[in-house]
Each structure stands twice: as structure tokens, then as C-alpha cells.
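To keep things clear, I will list the structure first and then write my remarks on it.
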Amino acid sequence: MTAAVISGILIGAGFLLPSLSAFFFIPAFLIGGFYKAKEGLTDLVQNKKLNVEILMIMAAIGSAIIGFWAEGAILIFIFALSGALETYSMNKSQKELSSLVKMQPDVAVLVTDDGEKTVPVADLKINDLISVKPGERIPVDGVIEEGHSSIDEAAISGESVPIGKQRGDTVFAGTVNMNGALTVAVVKEQKDTLFQRIIELVEAAKSEKSPTQQFIEKFEGTYVRIVLIVFVLMLFLPHYLFGWDWKETLYRAMVLLVVASPCALVASIMPATLSSIASSARKGILVKGGSHLESLAALKAIAFDKTGTLTKGQHEVTDVVVRESMDKTSFLQAAASIERLSTHPLASAIVHYAENKKITMLPVDNLDDFPGKGVSAWIGGVKWKIGKASFVSENRDSFFEEKAAEFEKEGKSIIFAGYDDQIAGIITFKDVIRDEAKEAVQKIKELGLHTIMITGDGEGAAGTIAKEAGLDHFLANTLPEEKLVEIKKLRDTYGPVAMTGDGINDAPALATADIGIAMGGGTDIALETADVVLMKNDLKRIPEAIARSKKMSRIIKQNIAFSVSVILVLIASNFLQIVNLPLGVIGHEGSTLLVILNGLRMLKN
């Protein structure tokens, strides 16, 4: 940019002092054209590849040879300016990555038996305790051991509203502790943190080009070759065919080099693509390259896994039904008091439910665990049993049998509890749908995509979640290899298809789909296999990503159509002897500047 500005100042001085114009134009050539000439010649020598820079060098030198020093200098200046602006646009689009890297703390306050000491984050080990004061960035992924605070997670998710966190909650590296002192236990080393994963994925995405970009770059060499052939022909043929004098013939050949150069066409894609990747990363959507970003716009269907994707992956109590003579609070009090000591997967859900109801726990004696059946314990001299119906009571109870059958049709899990060989009540559980799932599915459908759930769960649970989410249809009881087959069927039926999942069993389908979308909290293999990662498990980011991809596709098409149109008009005008070199320079390089600026619009969310 500095070289371009100096070149422009020298050109201005040349016009103000025409008697000394050569004194100003020659250094304007050398200073303004040095970087682009070096770039073009290096590419030509090292890669044996023709490029637009060679055309510009030839046009500028040719203009000087036939006496059009001012026009040649202006060409160099605008070409240097457009190159500087393109570099600026690339740096601007990658600014989010740089800011992410800066957000990652280098040191942490380690809590030891001898007190606190500052250590490099890289030296921290799993289970180390660190102290994070208000206003500080959290240096690692961890779990809060002491304290509570609001955490600003905008760097991870793009969510502007701080989230309340307390003991037992997970915190992430790079996020900001707003107002409370925290003691955090390290659960991941620095290289494995969510924050570091974001940086690595965005860095990888920078180097991957979209199919359109790859085609344009391949096309560039062939196109330059054609232009050079036509240029050689124009040095002679118009003189003999149309009677142009030699000066006009040479002049028009130079103008052809300028106006036929595909600078704007080459710049139509990369600024828009990198800008889109950067703005997506800022919103917590990591796209692993331009090709995947471009493919999002072409999707016709999207499939979802159920557990951990459409649902939270955690069972919650949904219903508590007790016999007529039983008080529901007393029933929950007994069940939660026993389950507080149990290791059953659903035990914590019962305890959490009871705590939310402000129910006080009772003393429990003689807890016995019967694997596959349930648990028993004494409370206040009464022996309670919790588990399967046959374990709780040998007597059939038609009321609870009917209720259980109804709940099973809804896909809910059921636990029975009672005493004195009688069932006192039942508690049902369901893997609850994510809060944002219905809204996300609705927006995806508004974009014209077909939605489907493919899950290994049974018909009841799958049907309930599919209905709640508003999906078009669902497939239940599918094994991992069957998910892969279903994805292929969806592609044959609708066209390009995406798969969204979080587990090891989703990896084959993620790899087979045209676009694999992984939940950020999923397994490592899902994150590795996927093309897009939702870092905060927010399904609403999927329609945002698709909409952003469609917008990027529109901008690229606009840029390509505009740049090709400008080239054709300028070439035709040159043959008709309408456009002169200065206008050719302005038209050609001006179009390049415009497509770069149009691409930078993708930086806006």
C-alpha cells in the first residue's frame, strides 16, 4: 500500500511538472510495480505458470515503449493499489483468527499447597487447580470447583449475553470471567482445549479452496495464454487487415493486454470466501474450507441424529404418578433420598428434580444394589424398592400397567418405586429436546431443505422428538452402517445432503454426506470427520451457516458476471477504437477494486 501511494504521488507530480515527467514517471513505474512484478516473475519461474501479473508488466512496459508513459504509470499505480487492497482484504478477513490467538492467555495462576504462583498455561496438567479473578480470561477448559460468576463466552459461541456459572459447570479457555472469583480444575491440556481447536480449524480452512476458486485458478493460465496469442496477432494483423498505422496497432495491442487481463475475475472469489469463513468463526460456526462453505448453499436435505444433537443427551424427569393414597411429595422425598446414594444413570435426574422442588432429603440406611433390577433401602423403618415393576412388587397393578404402557408409547423411560410389596408410584424420564431445536428446524425448512432424523433409538422416543422438533420424517432403530445407507438414499431422492451428529456412531454418515456437521461437544472422531463444527452445540447456527453460504454464492456470481461483462465490453470497445488506454486502465482495475469490496461485505454478520 505504501508503494502504491508513493507511486500515485510521483504520477501526480509528473502531471503537475510535465517538463520533468520522465523524472517522476520512471520511479513511479519501479516503485509501484516492484512487488507485483516480483510476484508474477517468481510464479512464472518457480511454477512455470503464466499469470495476470505478467500481462500487466507487459502492458506497462509496452505503453512506455510507444511513448504513453503517463498511461503506463497510471496502470502500474492502479494495479498496485488493487493488489494492496486485495492483500488488505485477506488480512481483514483473517483478523478474527488473529484476535482469537491473542485472546488465549499465556499464563495462569496455579493453586498449590504452598499458595498461588503464576505458571505458563502450557505447563498445566489435568486436575490442576487454577485461580481466575474477575475480569480475567479463563486460560484452559475446566470445571468450576469453587465460586460462581457470569462468563462471557462470545469468543467461543458469538453469544453476547454472559452465562451464569457455578460449581460443577464447565468453562472454556478464552472466555471471560465477569464478576466472581473462581477456582477451576483443569480438564484438558492447552493443546486439546475447545479454543485451540477453533484456532486450528480456522487455520486449516484458510488454505482450502472452493471448487469455483480452483476452476478460476486453472482457467487463469489458459486464459492468459490465449490473450498473449491474440496480443501477438494484434501486433500485425490490424495493420494489414484494417489499415491501422503501426502506432495505432501497437497502441491497441497494449490496450488489449490491459483490458483482457482477468484480474477482477481472479479476485471474484477469495475475498468473499475468506470473509465468510471469518464471520462464521466469529459466530461459533467453524467451516473447514471454502469448498464446504460453497457446498452448504447447494444442500437440499439435512439429517439429524437424535441423542446429543436434537436432544440434550441428558434424561430429565417428565412425569410423576402416584397411587391415590400416596402423597406425591412424600413419594419423591423417599425416591430422591435413596437415588442420591445410587449409581444408576437416571438417579441424578430424580435428585435434580427433587432439589428443584425444594424437597428435603431423608436419612437412608442399608442401601442394597441389585444389578439389572434396582435398589432397596430403609427410610424411617420402611423398606423401599426402586427399579423394575417386578422387583418392586410381585403383584400386578392394572392402573400402573396402563400408565406405563402409555408412557412407553411416548418413548419415555420408566422407574417404579414402592414398599410393602406394593407399587407406590412411577417416575418417567425423557431425553429432552434442545431449546433451540424447533426454531432451527423451522428456519432450515424455510430455506427449502427437507429435514429428517436418523436415530438408533426406538420408534416411540424417535417419533416424539421428531414431532416436537417439527421434522418432515424420521427413521428409528438404525445402526451406524444403516445411517450411511440412509444418507445415500436421501441424496438419491433430494440431492446434496448434510448429516448432523455428535457421536462415534455418526462418523460414517458424517463422512458419507455431502456436508458433515458436528456438535462442538461431540466425540473427537465426529469433530475430525465433519466439515462444519458448531462449537457451542447451537443448532440455530445451521440455518445461519446455510444462509451465509447462499449469500456468499450470490456475491461470487455477481462478481463473476460483472467482471466477465466488463472484460467483454472493454475488448469490444478496443477493437472498435472507442476506449483509450487510460479508460481501459480505469475500467479494468476499477472493476477489480469493486469485486474485492463486494466480497468484503461477507464480513458483516
How many nm is it between the label spots at K489 and H239, if each spot is 7 Å from the Cα in line with the beta carbon? 7.3
Would you indicate which of (i) 39.7; (ii) 31.4; (iii) 36.6 is the value of mean projected area of the Cα convex hull in nm² derived from the coordinates of this structure? (iii)
State which entries of K188/K443; K117/K165; K191/K412; K357/K388; K357/K403 exceed 32 angstrom in Cα-Cα distance in the structure shown. K188/K443; K191/K412
Which order do peptides 333-339, 554-560 fall in by mean Cβ count within 10 Å, highest first? 333-339, 554-560
Could you list log10 I(q)/I(0) for the stretch 330-478 at q = 0.09, 0.13, 0.14, 0.17 Å⁻¹, which the Debye formula gives when each Cα is one point scatterer? -0.38, -0.69, -0.76, -0.97
Helix 437-446: inclination vs the chain longest Cα principal axis, degrees, rounded to 10, gives 40
On the accessible surface of the chain, probed at 1.4 Å with all protein chains in place, carbon and sulfur together account for a percent value of 57
Using a cut-off of under 18 Å, list every residue of the stretch 420-448 whose amide N is near the label point 7 Å from the Cα of E324 along the Cα-to-beta-carbon line. 422-426
Between the stretch 368-428 and the stretch 454-511, how many Å separate their Cα centres? 33
Rounded Å value of the spacing that divides the Cα centres of the stretch 9-26 and the stretch 243-312: 38
Gain on full stretching of the segment that runs from T118 to S19 - 0.36 nm per residue minus C-alpha separation: 28.9 nm
Taking the 0 to 90 degree range and rounding to the nearest ten, how far is the long axis of helix 52-65 tilted relative to the main principal axis of the chain, both from C-alpha atoms? 20
Calculated FRET value between E394 and L341, using beta carbons and R₀ = 30 Å, to 0.05: 0.75
Straight-line reach from K49: which lysines have a Cα under 19 Å away, not including same-chain ones fewer than 8 places off? K36, K38, K209, K218
Of the DSSP beta bridges with both residues in the chain, give the percent that are antiparallel, rounding to the nearest 5. 75
The extension gain from I61 to L362, computed as 0.36 nm times the residue separation minus the Cα-Cα distance, is 99.1 nm
When we measure straight from the Cα of K438, which lysines land under 18 angstrom away, once same-chain ones fewer than 8 places off are left out? K306, K312, K430, K467, K536, K540
Given a 1.4 Å probe, how much area per residue of the chain is accessible, in Å²? 46
Using only alpha carbon pairs under 8 Å that are at least six residues apart, calculate the relative contact order of the stretch 1-60 and give it in whole percent. 26
With runs of 4+ DSSP H residues as the only contributors, calculate the mean residue ellipticity of the chain at 222 nm using -39,500 (n - 2.57) per run, divided by the residue total and rounded to the nearest 500. -16500 deg cm²/dmol
Sticking with the crude label model, points 7 Å out along Cα→Cβ, report the distance from V564 to L41 in nm, one decimal please. 3.5
Report, to the nearest 10°, how far helix 69-93 tilts away from the longest principal axis of the Cα atoms in the chain, using its own Cα long axis and a range of 0 to 90°. 10
For the stretch 435-560 (alpha-carbon point model, no solvent) the Debye-based log₁₀ I(q)/I(0) at q = 0.11, 0.13 Å⁻¹ works out to -0.38, -0.53
Pairwise FRET efficiency - K191 versus E402, Cβ, R0 = 51 Å, nearest 0.05: 0.40
R554-D524 FRET efficiency (beta carbon distance; Förster radius 41 Å; 0.05 resolution): 0.70
Of A354, W378, N366, farthest towards positive along the dipole that unit charges on Lys, Arg, Asp, Glu beta carbons give the stretch 349-389: A354
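The values are calculated or read from the model by the stated rules, or taken from the named source; none is laboratory data. On a predicted model such as this, the values are computed, not experimentally measured, just so you know. Glycine also receives a Cβ, built like all others from the backbone with ideal geometry; neighbour counts cover every protein chain displayed. For the accessible areas, the whole protein counts, side chains as well, though only heavy atoms, and no ligand, DNA or RNA atoms are used. Shrake-Rupley method; radii C 1.70, N 1.55, O 1.52, S 1.80 Å.
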